[in-house]
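Just so it is clear, none of the values below were taken in a lab; they were calculated from the coordinates. In this text the structure is predicted, and so the values were computed from the model without any measurement. Methodologically, a virtual Cβ is constructed for each residue, glycine included, from the backbone with ideal geometry; neighbour enumeration extends over all protein chains shown.
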Ligand code: ADP
């Protein structure tokens, strides 16, 4: 009877422990890692034990056979044969045990890493979803405010001061709406399998982006040129590709002084991939900043103090979207002289099939699109 409170306490601790295990993700991971480590050690010990007993068995059999042969033949080479056999057995067992232990360590290392990173992975995913939901909720009220402000601006009797204030409000609203679009992309990137892919002409993408940004480039009196090859089709998602080019051209415009130059070039590379380059004659990026500009929310000091640009999300989104398209991105910059960003994307597919399988990709015969001169170059 005296044991009853003790038993009750024990049951309570077990229940609390089980509850914690069920609800606390980090506690569960810690325990799982401990269990896995114990299992790992046990397995290694078992492997060593098996290795030694096999070696012991082989050695004793070898000795026995050697001695028996020696008795029967009473030859002088018996001991040399025994030693040779033992050497062979030692080497064989050592190699086998080493291989088994290495393989087990690799498998357990992988399992351990997966287990330990699971809470971080989940947290990142929920964070992106949360950001996406908030951004989505903000979109509607923002567009209502923008429409109302624009309607007010139609009033011709509006005093100049009020007009200037409202115009700058609309500009700021555009900036916020860009940030929200970028945040929404982060959200979409959580589930890339939901993004439909198709053949997209990068020339059309560039035209649409430049038309959209005409206000900004004209205001800054920038000279914008576009150079494109006849074949500029990539395999991708139109909205995502527009966002890639939009973010790059917007950066080029934001970080280039008035009357500067922006060149957009769309050309195939030697593998037939399509390279879209956005080059500007702007402020450039220092070597130190170049290492960080793809990190979310990173902004170089120069851009922060200038008050231009956005939130530091633009290039982070670009790099995620390029990754999603199995492409690559290269950035070259010279402070004070300009920046060139090149995005390389796989070319379009001639036949589109239902399954989303990499094997369906077909190669494009570029000789149909370019003269011999360009082909030689490639
Ligand atoms: P932001 O919204 O600040 O433009 P991005 O992610 O697009 O964020 O870019 C990150 C930083 O990289 C910018 O703050 C800027 O300092 C630098 N940067 C990007 N593009 C250019 C460019 N074309 N010229 C100079 N600096 C650039």
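Across the chain, the mean sequence separation of Cα contacts (distance under 8 Å, 6 or more residues apart), normalised by length, yields a relative contact order of 12 percent. Between the helical axis of 78-153 and the longest alpha-carbon principal axis of the chain there is an angle of about 20 degrees.
Rank 278, 14, 318 by mean-square fluctuation in a GNM of the chain with C-alpha springs under 10 angstrom and give only the top-ranked residue. Looking only at 278, 14, 318, the largest GNM fluctuation is found for 14. Stretching residue 273 away from residue 294 to a fully extended chain increases their span by 5.3 nm, per 0.36 nm per residue minus the current alpha-carbon distance. With a simple spin-label model that places each label point 7 Å from the Cα along the Cα-to-Cβ direction, the separation between residue 311 and residue 114 comes to 3.5 nm.
The C-alpha atoms of the chain define a longest principal axis, and helix 4-23 lies at about 50 degrees to it.
Sequence-distant contacts, meaning Cα pairs under 8 Å at least 6 residues apart, place the relative contact order of the stretch 192-286 at 32 percent.
Approximating the spin labels as points 7 Å out from Cα along Cα→Cβ, the residue 12-to-residue 131 distance works out to 4.5 nm.
Projecting label points 7 angstrom from Cα along Cα→Cβ for residue 48 and residue 334 puts them 6.2 nm apart.
Build a GNM of the chain with springs between Cα atoms under 10 Å apart, and of 164, 280, 269 the one that fluctuates most is 164.
Between residue 211 and residue 101, full extension at 0.36 nm per residue minus the direct alpha carbon distance yields a gain of 33.4 nm.
With 0.36 nm allotted per residue and the present C-alpha distance subtracted, the residue 259-residue 88 stretch has 53.6 nm of extension available. For the stretch 213-261 and the stretch 118-157, what is the centre-to-centre distance using only Cα atoms, to the nearest Å? Answer, in whole Å: 24. The Stokes-Einstein estimate for the stretch 115-183, based on a Kirkwood radius over Cα pairs and taken at 25 °C with 0.890 mPa s viscosity, is a diffusion coefficient of 171 µm²/s. Adding -39500 (n - 2.57) for every DSSP H run of four residues or longer, then dividing by how many residues the chain holds, sets the calculated 222 nm ellipticity at -21500 deg cm²/dmol. Of all the options 35, 65, 322, the one that moves most in a Gaussian network model of the chain with Cα springs shorter than 10 angstrom is 65.
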